[in-house]
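All remarks here apply to the structure that follows.
We did not get these values from a lab; they are worked out from the coordinates using the rules stated. Values in this document were obtained by computation on a predicted structure and should not be read as measured data. Glycine gets a Cβ as well: all are built from the backbone with ideal geometry, and neighbour counts include every protein chain shown.
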Amino acid sequence: MNKIPAEWNFPQELLLPETLWSTRSETTMLYAERFRGTRTSPETDRHPFYELTVVLNGTGKLHIGDRVRELLPDTVVFLPPGTPHREEAAGSLDTLWIGFRSPLTELTATRPFVLESRRAAETALIGWKTATPRIPGSGFELDGILLVLIGILLRSREEEHASWQETVFDYLESHCHEECSIGTLARRFHCSESYFHRRFRALTGIPPNEYLIRLRLKKVIFHLHHTDLPLCGIAPLCGFSDPYYLSRLFHRRMGMSVGEFRKKYGKKT
């Protein structure tokens, strides 16, 4: 049951022994291994089963095909069977690898994805600690931990999508007049700057800074339409500290000056 085709580059000594199970379930853990150190191998791996890469400490990069993902503490990477991947880290990277098989339809149509989830990382660590002693009869417990972990990952992925669609954009709408650097936003939503930028662009098609400029200009236009406030009064309300910069930006984006716009579209008395 544990035999792996020779053409797949996988160290078979990592496989958990059959003595851990009385009867293996269809969704079952094949191995749970931990490595702490640098990553220098240029070799690309691929496996005929699912694999989770879980970062406990340190930083590095994961190459998935021709894409590169940043690895940070609590990063969990889901890799479907056959996904080419390799890790690299100049410093010490403390990583768990959990391999498993499952016929679950929720997984079979799923592409690789990356989450930052403390709960998933903690659950994966429990799985590793349970697997490490290789105690006969512990297989059912291991598979139970695996099912919990899969549930956390699938739910976290859905919650993350909903959170970004609702929470992040709602926050920007309400706070665009405040400091909204990518670093500030990433810390607020508990992710790295590179992940925030990548996720935001995937959802909107534009970088966060461009989205913020458009949102702020939309609020400037509202004030020009509906109030008599001068530009020096409008600027701080819409996140611009310099009204002269706003004036130049407005002309460049709208094709007319603030005065021309207000004269044409402003509040009628």
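Overview of values
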quantity: Listed residues ARG34, ARG69, ARG24, most fluctuating in the chain (Gaussian network, C-alpha, under 10 Å); calculated: ARG24
quantity: Check: the chain dipole with +1 on Lys, Arg Cβ and -1 on Asp, Glu Cβ, in debye; calculated: 1360 debye
quantity: Kyte-Doolittle mean at least 0.0, axial Cα span of 18 Å or more - DSSP H helices of the chain; calculated: 139-163
quantity: Computed lengthening from ARG248 to PHE35, 0.36 nm per intervening residue step minus Cα-Cα distance; calculated: 71.3 nm
quantity: Net charge of Cβ neighbours under 14 Å - reference PRO207; Lys, Arg +1; Asp, Glu -1; calculated: +2
quantity: Cα gyration tensor, segment 210-265 - rounded (a/c under 1.5), prolate or oblate; calculated: rounded
quantity: Options VAL168, LEU71, GLY58, ranked by Cα towards positive dipole end of the chain, top entry (Cβ charges); calculated: VAL168
quantity: Separation between Cα centres of segment 96-157 and segment 241-269, rounded to whole Å; calculated: 55 Å
quantity: Where GluC sites (Glu not before Pro) fall in DSSP loop in segment 38-129, at most 15 other Cβ within 10 Å; calculated: GLU43
quantity: Among LYS61, LYS218, LYS129, residue whose mean-square fluctuation peaks in a GNM of the chain (springs only between Cα atoms under 10 Å); calculated: LYS218
